[in-house]
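The structure appears below as C-alpha cells.
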Amino acid sequence: MERKDTVVSKVETESDQGQLHNHTGIKRAAQLLNRGEVVAFPTETVYGLGGNALSDEAISQIFEAKGRPSDNPLIVHIARQDQVLEYVKEIPKNAQHLMDVFWPGPLTIVFKHSGKLSPKVTAGLSTVAIRIPDHPIALALIMESDLPLAAPSANTSGRPSPTEASHVFEDLNGRIPMILDGGKTGVGVESTVIDCTDPNGKVTILRPGGITKEALEEVVGEVFVDPALVNRDEIPISPGMKYTHYAPAAPLIMINGGIPFFKKKVEEASRSGKRVGILVTEEAKGLISPVAQEVVCGTREDLTTVANQLYHSLRKFDEGNVDIIFSEIFPETDLGAAIMNRLRKAAGGEILSEITAGK
Ligand code: TXA
Ligand code: MG
C-alpha cells in the first residue's frame, strides 16, 4: 500500500483563541473524523489518536495504526457534561461530584455504558471510560466534529506516550492522515482512571495520573487503589495496565538508594561493556558518573516538572542508543504515584535496593 506522509497542522492556541473552530486545520480534522478516519490531537495530558466512538470502522483504524491489542478499551472524549448521559446507564453520586470538581481535566471515569458506542471502544466490556479534556484544541475538535472521540495516547503501542507532535510523527508517520500540532502538552502523564461502578459508591483508582488520590479524597472521602497497581500477581481491572508499557528500547531499572549506590550500579554495568543511560533530577545532575549518558528530568522540589518531562526523557534514550537505563525513584504520594507507576511499567517492575542488595 502507498504510504503518504502524515500532514502536520500547527495550531496557535494563543493567537487563535476563541476562533479555533474556524481554524482550517481543525475544520479539516473534523471532516476526516466524520469520514471515519483518525486524527492525532493534543490534550492537557498527552497527544491522543482520535476516531468516531460510534463507528466500528474508525475504531479499528485506531487499533491498527497503534498496533494495540484489541482487548484494551479506549477512553471516550466529550466536550460537555450533558453528553455523558447519552453513553452511560447512570451517573453515580460520587462520579457526579468528581465531574463537577475535576472536569474538564485529567480525570477519566469508568461508568456502566448504555450500549450506544461502538463495542470496539469498550473491548466488549459492560463499562466505558469517559473524560472531558482541558485543552482548547481538543475541545474545539470535539465540538467541530460533533462526535464523541475515542482516543488512546497517540504512540505506537508499547512506546512512551507522546507529549509533542514530533513524537506522534516519529511513531505514526504514514499510518494516519493528520496531526494537529498544539505544542508541548502540560501534565505530561496520562489521566487518572477511576472506577465508579461500585454499587456502594466505592471509588477505585485503576491508573494513577494527573489528578492525585489525595485530591480525589478531598471530594469523596476514602479512595481505593486497584491492588494490581501494587501487587504484580493481581490481575488489573483496567485491561491496559497489564501490558509492559511506556517502554524505551533499552530495559530500565530503578535505583532505590543513595548516590554512591547509584554510582556503583552504573559503573558495574559500564565495566561489563554496557552503554548506560541515567534518568536523574536536577538535584543529582552531574553527580553520578561521567561514563553514563545523563538525561535530566525535572526537579524533586516540584514533581509536576518530572511528570511533564518524563516521556520526552525516555524517548531521548532511544536516540542515544543505550543498552540499559537506571533511574531515580520517587515518593509514592501525590503526583509521585503516577510517575512511579509509569517508571515501573517501563522497568517491568525491577527495582534495585541498597538495603536488600547486600544480602
Ligand atoms: O490522558 C489520557 O488518558 C490520554 C489522553 C489522550 O486522553 N489517553 C490515554 O488513553 O491514556 P490510553 O488508551 O492510552 O489508556 C486508556 C486506559 C487503559 O489503561 C485502558 O485499559 C483503560 O484506560 N480503560 C479504558 N476503558 C476502560 C474500562 N471500561 N474499564 C477499565 N479501564 C478502562
Ligand atoms: Mg497509552
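The values are calculated or read from the model by the stated rules, or taken from the named source; none is laboratory data. Predicted model only: the values in this text are computed from it and were never measured. Glycine also receives a Cβ, built like all others from the backbone with ideal geometry; neighbour counts cover every protein chain displayed. For accessibility, only protein heavy atoms count, side chains too; no ligands or nucleic acids. Shrake-Rupley method; radii C 1.70, N 1.55, O 1.52, S 1.80 Å.
If only residues of the range 113-147 that are open to solvent by 40 Å² or more (accessible area, probe 1.4 Å) and of a type in the set (A, V, I, L, M) are counted, the one that is nearest to ligand 2 (Cβ to nearest atom) is Leu125. One residue stands out in the range 153-166 among those that are open to solvent by 10 Å² or more (accessible area, probe 1.4 Å) and within 13 Å of the chain's Cα centre (by Cα): the one that is farthest from Leu343 (Cα to Cα), namely Glu164.
Of all positions in the range 250-258, none carries a residue that is open to solvent by 70 Å² or more (accessible area, probe 1.4 Å) and free of Cβ contacts under 8 Å to residues at least 24 places away in the same chain. I'd like to verify a number: residues in the range 51-101 that are within 17 Å of the chain's Cα centre (by Cα) and closer than 19 Å to Arg207 by Cα, how many? Going through the range 51-101 one residue at a time, the tally reaches 8.
For the range 210-255, the set of residues classified as under 21 Å from Ile351 (Cβ atoms), within 16 Å of ligand 2 (Cβ to nearest atom) and either at pLDDT 75 or above or in a helix (DSSP H, G or I) (or both) consists of Leu229, Pro236, Met241, Lys242, listed by residue number. The listed residues are Val101, Val110, and the only one of them that is on the phi < 0 side of the Ramachandran plot, within 16 Å of ligand 2 (Cβ to nearest atom) and in contact (Cβ under 8 Å) with a residue 12 or more places away in the chain turns out to be Val110.
Out of all the residues in the range 297-333, which are in contact with an Asp or Glu (Cβ under 6 Å, 6 or more places away or on another chain) and either farther than 22 Å from Gly209 by Cβ or in a loop (DSSP other than H, G, I, E, B) (or both)? Answer for the range 297-333, where residues must be in contact with an Asp or Glu (Cβ under 6 Å, 6 or more places away or on another chain) and either farther than 22 Å from Gly209 by Cβ or in a loop (DSSP other than H, G, I, E, B) (or both): just Arg300. Scanning the range 39-84 for residues that are in contact with a strand residue (DSSP E or B) (Cβ under 7 Å, 6 or more places away or on another chain), away from ligand 2 (no atom under 14 Å from the Cβ) and farther than 20 Å from Val128 by Cα yields a total of 3.
Go over the candidates Asp318, Asp323, Asp302 one by one and state the one that is surrounded by fewer than 21 Cβ atoms within 10 Å (Cβ to Cβ), modelled with pLDDT under 95 and under 23 Å from the mean Cα position of the chain (by Cα).
Just one listed residue meets the conditions, Asp318.
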